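Here's the structure we're looking at; comments come further down.
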Amino acid sequence: MKWFKRVPARLFFYAWLILMVTGCRGRDAAADETGRIQVVATTTLVGDVVRVIGGEHISLTVLLPVGGDPHGFNPTPQDVTKVASADVIFINGLGLEQFMTTILENAARELNIVDLSAHLEGIPSDHAHDGDEDDHEHEKIDPHVWWNPLNVAKWAEEIAEALAEIDPENGTAYAANAAAYKQQLTELDQWIQEQVAQIPAANRTLITDHDSLGYFVEQYGFELVGTVFPGLSSQSEPSAQELAELTAIIRSYGVPAIFVGTTVNQRLTTQVAHETGTKVVPIYTDSLSEAGGAAATYLDFMRHNVNEIAAALR
């Protein structure tokens, strides 16, 4: 699979396990007692969109738990089993799911994988870490496409088409769900533009924990001037020189806040904020919240984050 590179050694155990599991399970094992098709989504964000489109006609499993960081997630044997028995697996793509490498490349049967970002125009990162080039070449393209609701609208189309191929009897329902959701996403995009318009143009400067807001920056006219963790992964480590350069940037631009994701360790961010007199503003970047929380759905996720960003920069 072209969108994956080198496999971490710790995942070779799962290569053996997937062969053991899938070698004795076929597609007939995928349907549950209700007859619903078995669907796996990799992240909570992907899972929420799949849930909206699939509705009552699917049985959905989301691999990453709430608060899980896709940049540092390791699958369990239970995850391997769920993937092995799925009718379809929806992934974000663009290299985000490195944790799926061994599971997908060593399956005993052909898995039905839908890369939701395959037809999106990925944007390169302006803050890619030089040290990532050999081991994480995929990180040159930003995988955080969900920060533009119009990209998620395209996800909805892809999901509806993929589900209809497996379950044509409910194809009309999937298409209707996708159409209704796309309208909500269009309205969300318009609402975000209205909120951003209230932020003075000179204040639309962002500092984040890692380079995760590229599509938001591009869509809504912000400038990302620096990140605490170099590159597109929250697992990278900044050097002392990089932290010093970031501190100088914050002071030069007079940035009032550093936006840090709920899945990211705030130790370094808090240190930089203390040294520069800025405040740390938590936002959701790579995961939804628990049910009933501020970001329980993708729509809630975007509204909450935009409110936080606008309040900090106005």
Residue under evaluation Leu60, criteria (1) surrounded by fewer than 19 Cβ atoms within 10 Å (Cβ to Cβ); (2) in a helix (DSSP H, G or I); (3) at pLDDT 90 or above; (4) not charged (D, E, K, R), criterion not met:
(2)
Tally of residues being part of a loop (DSSP other than H, G, I, E, B), out of contact with any His (no Cβ under 8 Å at 6 or more places or on another chain) and surrounded by 17 or more Cβ atoms within 10 Å (Cβ to Cβ) across region 290-303
2
Residues of region 281-314 being within 22 Å of Glu97 (Cβ to Cβ) and either assigned by TED's automatic domain parsing to the domain that holds Asp48 or of a type in the set (Gly, Ala, Ser) (or both), in sequence order, are Ser287, Ser289, Ala295
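The values are calculated or read from the model by the stated rules, or taken from the named source; none is laboratory data. Bear in mind that the values here come from a model prediction, so they are computed numbers and not experimental data. Note: ideal-geometry Cβ built from the backbone for every residue, glycine included; neighbour counts use all protein chains shown.
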